[in-house]
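Reviewing the structure listed below.
Please treat every number below as a calculation from the coordinates, not as lab data. If you're wondering where the values come from, they're calculated on a predicted model, not measured in any experiment. Reconstructed Cβ throughout: ideal geometry from the backbone, glycine too, with neighbour counts over all protein chains shown.
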2 protein chains.
Amino acid sequence: MAGVTHSTVSRALRNSPLVNQDTVAKIQRIARDAGYRISAAARSLVTRRSDAIGVVVTNIADPFVAGVVSGIEEIAGQHGLSVFLANSNADPEREVRVARKFEEQRVDGIIVTSSRVGARYVPLLAHMQVPIVLLNNQHPGPYAHAVMIANREASRELTRHLISLGHRRIAYLGDRHGYQSDTERFAGYRDALREARIRFQPCLVVHGDGKPEGGETAAAGLFGLPEPPTAIFCYNDMSALGALRRIRALGLRIPEDVSIAGFDDLFFSQFLNPPLTTVRQPLRHLGNLAMDTLLKIFAGEPSEIDIKVPGELIVRQSTAPPKEQS
Amino acid sequence: MAGVTHSTVSRALRNSPLVNQDTVAKIQRIARDAGYRISAAARSLVTRRSDAIGVVVTNIADPFVAGVVSGIEEIAGQHGLSVFLANSNADPEREVRVARKFEEQRVDGIIVTSSRVGARYVPLLAHMQVPIVLLNNQHPGPYAHAVMIANREASRELTRHLISLGHRRIAYLGDRHGYQSDTERFAGYRDALREARIRFQPCLVVHGDGKPEGGETAAAGLFGLPEPPTAIFCYNDMSALGALRRIRALGLRIPEDVSIAGFDDLFFSQFLNPPLTTVRQPLRHLGNLAMDTLLKIFAGEPSEIDIKVPGELIVRQSTAPPKEQS
DNA sequence: CTGAAAGCGCTTACAG
DNA sequence: CTGAAAGCGCTTACAG
């Protein structure tokens, strides 16, 4: 060393006010010159904090998820926290493995990013006695905080937009049953129909998988109907991507023959041909909020249990009045 | 405890052959029932391995990056390794912060995923004496392994495709100067022109930023030319996304008036209207390879310094013969 | 096959 | 303001 002891060094590096300023300066200089890096493992062993958080995603390659993770990492980095990323793939076996790893790492908090996470996953994490924030997936229980978009309201507004254009046969192309965001968006769709006294028609509801492939198949089903819809509200932009392709393959024009709307406003949606009418979710901001919530919990500050962010209707050229009133 | 000592427990949980099988079974059962989770920090303090790797990306919200990270995480998870994710944003200050964090965590290896990473970043990491794998960015030095797509070859093939359709005025819409993948793709473009004895015209080369916005602006420039191109080879699909929009805004049809090709085959490219001709990069596979390389290094097995993966030309409907021979 | 001991690199009361 | 000591939860030679 350079004149002092172990403990003093430790204190100096943490900028303790207990230490002589000159000593601090000297020690910090020496440490820097020597390329000293504290061992996170050793520190965390005694402090009982890892200064790391865990982020579980179903699939980081999903642009919704990636956008949100980017917002999480941004705030975490600003506060000197490391982030562990783990894909669960909605596979129960991987979910268990992920939870176990996070426990071993003694993460200070967990963010679960995904609308697809099964409710059964949360108990697994809740068991860890660590703050949990769910992003776009509320959990009915005391274990977790939640950051969400106001799905129902935004969906209602989007459906109203279609109705105001003159549409009456509006299809809902959803995700798989049981996912909360699908359920809520579906509810908003029905709200708007009810308001406008349009009879709900179950045959106009089809289900994809939240990805282009599922959207494509589901859309195909709608055009096998004796009376196809004049507008389709797709659960998300990824589904819309598939629906758009299928509809074009059928020789129909958008929006002249059929209007299409999505949800999320992913980066590509404004570049589609035609540009997609959708609801904007502020992905990065949602990620920021989730991380902010975790930070508040760490600091012992009060924090809302359910944070709701409004979506924003973005009207583009994929929606227009129907050709003929039906 | 339950009859035995500290050391025996440690050995039992690691399935040491030194321990009586019955004892092992008993200890493992007790540990499971008690919900015991080993402390990664404590273990790593003595083993001097963290069983964690660090992944640096410029921006996880970029679909190229997200696809690759997904492939990295997949293999890491299979081998019980945790992954730290950090965004550098190509911001020098953040790069330093990321590198420092990874040092503190004593990661066992680092993967840098990005075509935008500055060469100046690598020394920062190399200093850590830890295996480094660069994905899509080769570094001329002994510090790092590299996994890359065969940019030049694939680019040459794509350009040949445009030439074979009859194009002679082919523009290159690149990324910013100095990025390796841009440089290599540009070289492939020139190779193909040379082969076909088409004179290279500097005015047909424009530069974007690898994102839709930059592609849009760069494309606009090409149509201010007295003799605009009949085909545009975009450095990547993200750039093409912007170029497509701008070209449509100019009232031109694709591919009738101008052919457009991209590079990467991101998930959305096959769903565009028209579907985009491009070069497929096997993103997930590239991520797998990078992680495999790291694993080999950990195991002390020999591993190639430079792994090159071929791209695959995917011809779709955004390219066609030019309207008139120019 | 099992136990006792040392030590990984830190932090933090407790004395001075 | 600084030092000596204990301890965080593991692993691993070293003895038996």
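Which of the peptides A:302-312, B:240-250 is most tightly packed, and how do the rest follow, going by the mean number of other Cβ atoms within 10 Å of each residue?
B:240-250, A:302-312
A straight Cα-to-Cα reach below 28 Å connects B:Lys26 with the lysines A:Lys101, residues fewer than 8 places away in its own chain not being considered. Computed per residue of chain B from DSSP H runs no shorter than four, each worth -39500 (n - 2.57), the mean residue ellipticity at 222 nm is -13000 deg cm²/dmol. Would you work out if chain B is rounded, prolate or oblate? Take a ≥ b ≥ c from the square roots of the eigenvalues of the alpha-carbon gyration tensor; rounded if a/c is under 1.5, else prolate when a/b is larger than b/c, oblate otherwise. Note, shape of chain B comes out prolate.
Ignoring lysines fewer than eight residues from A:Lys308 along the same chain, the ones with Cα atoms less than 22 angstrom from its Cα are A:Lys296. Cβ crowding within 10 Å ranks A:His177, B:His207, B:His285, B:His167 as A:His177, B:His285, B:His207, B:His167, fewest other Cβ atoms first.
Note on the stretch B:60-177: dipole from Cβ charges, positive end direction compared against B:Ala90, B:Ala76, B:Ile132; the farthest Cα belongs to B:Ala90.
The alpha-carbon of B:Lys211 sits under 12 angstrom from the alpha-carbons of these aspartates and glutamates, leaving out residues fewer than 8 places away in its chain: B:Asp62, B:Asp175, B:Asp237.
Counting, for every residue in B:143-155, the Cβ atoms of other protein chains within 10 Å of its Cβ and taking the mean gives 0.
Along Cα-to-Cβ, 7 Å out, sits the label point; list in nm, shortest first, how far the one on A:Pro302 is from those in the other copies. Ordered by increasing distance: 6.7 nm. Put a plus charge on the Cβ of each Lys and Arg, a minus charge on the Cβ of each Asp and Glu, and nothing anywhere else: the dipole of chain A about its Cα centre is then about 340 debye.
Counting Cβ atoms of other protein chains within 10 Å of each Cβ in A:31-40 and taking the mean gives 4.
Note on B:Glu153 and B:Arg97: with the Förster distance fixed at 30 Å, the Cβ-Cβ geometry gives a FRET efficiency of about 0.20.
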